[in-house]
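Asks: This structure is in structure tokens; I'll ask about it shortly.
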Amino acid sequence: MEQDHDKRPAANKRPSPFAQTYFHGTRADLRVGELIRPGYHSNYGQRKQAKYVFLSATLDAAIWGAELAYGEGRQRIYLVEPTGTLEDDPDLTDKKFPGNPSQSYRSTDPFRVVGEVMAWQGHPEEQVAGMKVHLAQLKAEGIDSLNG
């Protein structure tokens, strides 16, 4: 007869929760195990040396990251795990977006690439073009990324 070696009461035998999934959208060609670190030129804004790296708990926000990233490389979405603490991305959590609906975060600690999302659907071209026009208007008004 098979024995149950788990001595916990039946009421406590629940599946453990899954870890939070995070995404990072970019044009960089990365491999599983690589670290995404601050210190490189930002994909956005004035392309300053980035103080932070960014991730999102929503695939949609990561898709925007890939679509708006600087460069000509293929748009990519990576599954990443943070190696340190996260804080809300202030560009997406001001008074216009209370509560961080895009679940976008930043960190000064690196993220480890744990996989790549191979099948995803981008936004319609007209919507991406509209977002780029909007970002150009903000830049012309002197409003640029808080994140460098």
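Asks: I'd like to verify a number: residues in segment 60-77 that are within 8 Å of the chain's Cα centre (by Cα) and among the hydrophobic types (A, V, I, L, M, F, W, C), how many?
Replies: Residues in segment 60-77 being within 8 Å of the chain's Cα centre (by Cα) and among the hydrophobic types (A, V, I, L, M, F, W, C): 2 in total.
Asks: Whether any residue in segment 64-74 is modelled with pLDDT of 85 or more and of a type in the set (Lys, Arg) is what I want to check.
Replies: Scanning segment 64-74, I find at least one residue that is modelled with pLDDT of 85 or more and of a type in the set (Lys, Arg), so the answer is yes.
Asks: Name every residue in segment 75-117 that is modelled with pLDDT of 85 or more, outside any strand (DSSP E or B) and of a type in the set (Gly, Ala, Ser), in order of residue number.
Replies: Residue satisfying the conditions is Gly84 alone.
Asks: Restricting attention to segment 118-148, and to residues there that are modelled with pLDDT of 75 or more and assigned to a loop (DSSP other than H, G, I, E, B), which single residue is farthest from Leu86 (Cα to Cα)?
Replies: Pro124
Asks: Can you tell which of Pro124, Pro110 is closer than 18 Å to Ile36 by Cβ and not charged (D, E, K, R)?
Replies: The match here is Pro110.
Asks: Among the residues of segment 21-41, which ones are in a loop (DSSP other than H, G, I, E, B) and at pLDDT 80 or above?
Replies: If the condition is that a residue be in a loop (DSSP other than H, G, I, E, B) and at pLDDT 80 or above, then Thr21, Arg27, Ala28, Asp29, Leu30, Arg31, Val32, Gly33, Glu34, Arg37, Pro38 are the ones that fit.
Asks: Let me ask another. Only one of these conditions is not met by Ala57: (1) within 10 Å of the chain's Cα centre (by Cα); (2) within 25 Å of Ala129 (Cβ to Cβ); (3) at pLDDT 80 or above. Which number is it?
Replies: Answer for Ala57: the failing condition is (2).
The values are calculated or read from the model by the stated rules, or taken from the named source; none is laboratory data. What you are looking at is a predicted structure, and each value in this text was computed from that prediction instead of being measured. Cβ coordinates were reconstructed from backbone atoms using ideal geometry, including for glycine residues, and neighbour counts include every protein chain displayed.
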